[in-house]
Amino acid sequence: MSRDVAVHSWSASYYINNDKRWETGTLCLTRTMLRFVSVKSKESLVSFPLSRIMELKMESSSFIFSTLTVLEEGNVKHWFGSLKPNRVVVYNVIEHFWRERLLSPSSEACGAESQVSKGRELINLMAGAQKRLENTGTVLGQQGEQFDNMMQGLEKIDSDLGIANKLLTELETPSWWPFGKLPWRAQQEAKAEDAARAAATASAALSKGSGRNRVITSIPAVVSKSGDSDLKPGCLLVHVSSLEVHDKNFQLLHRFERNEVDEIKVHSPYEITVRQRFIGKPDICWRLLSAKMPEALSVFEMQYKKKMEYMCEYRTTPASSPCHLESPDFYKGLQQRCQESELPLEVPAGELSQLQELVLQPSVSQTEAQELRQMLLQLKNLALEAETELERQDEVLDVLTSSTDRTTMQIGKHTCRMKRLL
């Protein structure tokens, strides 16, 4: 559990059913666990995985106190009261992570029952990446078919425009006119070409704008504009040129243009603050908390790298740093981790051989390594095929862009000629 990052904590009280009393302490939420630590004894009075939660409700105790109740598997009910800033905020945050944990493809309950080797964990990660890459390849194939259909449609439109051009030419230059073109045609053709060129420019600008509004990623989140006191369910949309904060009904709450974002402060892997500064009036600041925030952080690192700010408690000193290895806190942390792992610091002589076997046991077996090698080769082939398809689609997109511009100009030109004939 030492690797489980704390997401949030609140001042609260817990009802001890055996003693019939309330105990003051801190309610702490991690990515996978919910625990309550007493202020007096510094001990954890209750701790259980989020996957064991059966029901989460806001109720009132027998003393008319507003409380938050958590029903655990086995019909065990926990009562939490005196929640700060308020129980609605605590409910929204816990309910968000509980829901995301239930929807997660991997359950830590299975991991608690049977320890999975490092090699098997790597294989599971590879399998997930391979499945996602296969799905991406399928989508790319469907997209390529759509591009091919668009090319065929444009070729047919171009052929029809050629026929229309011949018909318009015959209408504009009747057989009975002995001097070639009609006298007013030369003056009107320049205006028609200008109008068609303007229409093509507007179409290109519109297509460019739609690309800027393309959604890169969308994650559910608990959002607030006024700090921790007003957290409510919503979602975060990351566009190519902006960030959008929506409520649970997908109504737009605020939109940050890319050049308007002055700071993205990362409080933890699951909590960030987006700020836009002003001179002479208050800043606009939104706080976002999400179980899927790590997915958005990878995008922020590329789009807003110079505006990212990590809190000291989140960004730790790398283990390879000499000052980190020589600091007394490092040895204290090592001792604490040994105690948490239930590994005695002093081992009896008779048990030394067993400890050596445990330490020297390889993390990845030969069978797992061979399976990983085969999966890596498959991933490499899939990536090469996806790269080839993307290069082909880039070429098709260039042809589509030029053909669309040329077709738009021709349609505008023919439209002006038909209006003039009418």
Quick one: which of 385, 389 is acidic (Asp, Glu), touching a helix residue (DSSP H, G or I) at 6+ places or on another chain (Cβ under 9 Å), over 16 Å from residue 158 (Cβ atoms) and open to solvent by less than 60 Å² (accessible area, probe 1.4 Å)? 389
Does residue 367 count as modelled with pLDDT of 50 or more and hydroxyl-bearing (Ser, Thr, Tyr)? yes
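Test residue 187 against the criterion of being assigned to a helix (DSSP H, G or I), at pLDDT 60 or above and open to solvent by 90 Å² or more (accessible area, probe 1.4 Å), and give yes or no.
Working: assigned to a helix (DSSP H, G or I): yes; at pLDDT 60 or above: no; open to solvent by 90 Å² or more (accessible area, probe 1.4 Å): yes.
So residue 187 fails the test.
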Pair list, Cβ under 7 Å, 6 or more apart: region 5-21 residue of a type in the set (A, V, I, L, M, F, W, C), other residue assigned to a loop (DSSP other than H, G, I, E, B): 5/31; 5/269; 7/31; 7/270; 10/83; 10/84; 12/82; 12/83
Need pairs with beta-carbon distance below 6 Å; first residue closer than 10 Å to residue 286 by Cα and polar (S, T, N, Q) and within region 217-240, second modelled with pLDDT of 85 or more and crowded, with 18+ Cβ neighbours inside 10 Å; sequence gap 6+ or separate chains. 224/231; 224/287
Region 76-88 - residue that is in contact (Cβ under 8 Å) with a residue 12 or more places away in the chain and open to solvent by 30 Å² or more (accessible area, probe 1.4 Å) and, of those, farthest from residue 10 (Cα to Cα): 79
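The values are calculated or read from the model by the stated rules, or taken from the named source; none is laboratory data. The model shown is predicted, which means the values in this text are computed figures rather than measured ones. Don't worry about glycine lacking a Cβ; one is built from the backbone with ideal geometry, like all the others, and counts go over all protein chains shown. The protein model used for the area step is the full one, side chains on, heavy atoms only, and it has no ligands, DNA or RNA in it. Shrake-Rupley method; radii C 1.70, N 1.55, O 1.52, S 1.80 Å.
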